[in-house]
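Read-outs throughout are calculated quantities, based only on the coordinates presented, and are distinct from any laboratory measurement. Everything numeric in this text was worked out from a predicted model, so none of it was measured. Backbone-built Cβ (ideal geometry, glycine too); neighbour counts: all protein chains shown.
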Amino acid sequence: MAGRLAGKTCLVTGAGQGIGRAIVEAFVAEGASVIASDISDAHFGDLPREAMAERLDVTDAAAASAIVERHARIDVLVNCAGYVAVGDILECDAADFARSLRINVESIYLMIRAVLPGMRARRSGAIVNIASVVSTTMAARRRFVYSATKGAVLAMTRSIALDFVGDGIRCNSISPGTVDTPSLAERIGTSAEPERTRAEMIARQPMGRLGQPREIAAAAVLLASDESAFMTGADVVVDGGCAL
Ligand code: NAD
C-alpha cells in the first residue's frame with residue numbers, strides 16, 4: 001500500500017535525534033524519500049537506512065542553498081533544528097540571545113528562502129516549522145529568549161502562508177508541549193534537582209506524562225501530506241493539554 005507521502009522528497013533539519021529523527025522515521029514509513037540533515041553526524045547510524053543523511057548547519061546560508069541545489073526537488077521542508085536557552089531575561093547574555101535567534105529564527109529564514117523558488121516553480125510545496133507552546137501560546141519560567149524565538153516562528157509561519165498561498169505552497173507549524181527527547185533529558189540532568197525538575201515538568205502536563213517524539217511526528221505527517229491540503233498558516237498544538 002502506498003504511504004501518505006509516497007512520491008514526495010522531504011528535507012528534515014535537526015534530524016539526528018529527538019523529534020527530528022522521529023519525523024524521519026515516520027516519513028520513511030509513509031513512503032517518502034527523506035533527506036535527514038543535522039549539524040552533527042554522531043547519530044546518523046541510528047537513522048532508518050532508507051533516509052539520506054547529510055550534514056547541514058542550518059545557520060549557514062551557503063550550506064542551506066547548497067543542500068537544496070544538490071537535490072532535484074524538495075516537496076516538503078521540516079524545520080526542526082532548535083536550541084533551548086534556559087534563563088530569564090537577566091540570565092540571558094548577549095551570546096545566548098544571538099545564538100537563539102540564529103538557530104531558531106534565522107535558520108528558518110535561510111531554509112525557506114532556499115526551498116521556495118523550486119516550490120514556486122512547481123506550484124507545490126509544504127513547509128512545517130517546529131515551534132513550541134512556549135511562545136505566544138503560553139509562558140514557561142526561565143525560557144525568555146526561547147519563547148521569543150518560537151513566537152517568531154509562529155509569526156513567520158503565518159506570514160509565509162499568506163504570501164505564498166497563491167503559489168500552491170502551504171506553511172504550517174507544530175507546537176509541542178514537553179517531549180521526552182535527548183535535549184530534554186540533558187536539561188533535566190543539568191538542573192539543580194533532576195528528579196524534582198522531571199516531576200515538575202510532568203506535573204504541568206494535564207495528561208500526567210511527557211510527549212513522545214513519534215506523537216509530534218504524527219502531526220508532521222499530516223501537515224506534509226495532501227490530507228492537509230486545506231490547511232495553511234495553522235499551528236497544530238500537540239501538548240497533552242499543557243496550554244489549556
Ligand atoms: P534535540 O536537541 O534532542 O535535537 C535537536 C537536533 O538538532 C540535534 O540532533 C542537533 O544536533 C540538531 N541541531 C542543533 N543545532 C543545529 C544546527 N545549527 N543545524 C542543524 N542541526 C542542528 O531537540 P528536540 O527536543 O528533539 O527538539 C526539536 C525541535 O522541537 C526544536 O526546534 C525544539 O525547540 C522543538 N521543541 C522541543 C520540545 C521538547 O520538549 N523536546 C518542546 C517544544 C518544541
In a Debye calculation with equal point scatterers on the alpha-carbon sites of the chain and no solvent, what is log10 I(q)/I(0) at q = 0.09, 0.10, 0.15, 0.16 Å⁻¹?
-> -0.35, -0.44, -1.02, -1.17
Under the helix-only model (-39500 (n - 2.57) for each DSSP H run of 4 or more, divided by the residues of the chain), the mean residue ellipticity at 222 nm, to 500 deg cm²/dmol, is -12000 deg cm²/dmol
Relative contact order %, the range 161-244, counting alpha carbon pairs below 8 Å whose residues are six or more apart | 48
Given 20 °C, 1.002 mPa s and a Kirkwood radius over Cα pairs, the Stokes-Einstein diffusion coefficient of the range 1-49 in µm²/s is 201
Residue farthest toward the positive end of the dipole of the chain, with Cβ of Lys/Arg at +1 and Asp/Glu at -1: which of G20, M111, S228?
-> S228
Packing-based order for 143-154, 186-197, using average beta carbon neighbours within 10 Å, highest first = 143-154, 186-197
Cut-off 14 Å between beta-carbons: net charge of the residues surrounding V179, Lys and Arg +1, Asp and Glu -1 | +3
Kindly put D41, D235 in sequence by how many other C-beta atoms sit within 10 Å of each C-beta, fewest to most.
-> D41, D235
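Place a +1 charge on the Cβ of each Lys and Arg in the chain and a -1 charge on the Cβ of each Asp and Glu, then give the dipole magnitude about the Cα centre in debye, rounded to the nearest 20.
Working: 25 positive and 28 negative charges, 86 e Å.
Its charge dipole is roughly 420 debye.
Just want to confirm a number: the relative contact order over the chain, from Cα pairs under 8 angstrom separated by 6+ residues, in percent.
On the way: 496 pairs, mean separation 49.4, N = 244.
That works out to 20 percent.
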Using alpha carbons only: equivalent-ellipsoid semi-axes of the range 1-120, gyration tensor based, whole Å = 27, 17, 12
For the range 74-116, the Rg and Dmax computed from alpha carbons only, in angstrom | 12.9, 42
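Going by how many other Cβ atoms sit within 10 Å of their own, how do M156, M119, M207, M138 line up, fewest first? Intermediate values should be presented prior to the final figure.
Working: M156 20, M119 23, M207 12, M138 17.
Ordered from fewest to most neighbouring Cβ atoms within 10 Å, M156, M119, M207, M138 come out as M207, M138, M156, M119.
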Residue ranges of DSSP H helices in the chain that stretch 20 Å or more (Cα, own long axis) and have mean Kyte-Doolittle hydropathy of at least 0.5 are 107-122, 144-163
Sequence-distant or interchain residues sharing an amide H contact under 5 Å with E54, placed H: which?
-> A36, S37, D38
Under 5 Å between amide H atoms, partner at least 5 residues away or on a different chain: which partners does S173 have, H built in plane at 1.01 Å?
-> N129, A234, D235, V236
Classify the range 73-168 as rounded, prolate or oblate from the Cα gyration tensor: take a ≥ b ≥ c as the square roots of its eigenvalues, call it rounded if a/c is under 1.5, otherwise prolate when a/b beats b/c and oblate if not.
-> prolate
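Using the 2.2 N^0.38 Å rule of thumb for compact globular proteins, work out how the range 118-198 stacks up: its C-alpha Rg over that value, please. Let's see the in-between values first.
Details: Rg = 16.6 Å, N = 81, 2.2 N^0.38 = 11.7 Å.
So the Cα radius of gyration is 1.42 times the expected 2.2 N^0.38 Å.
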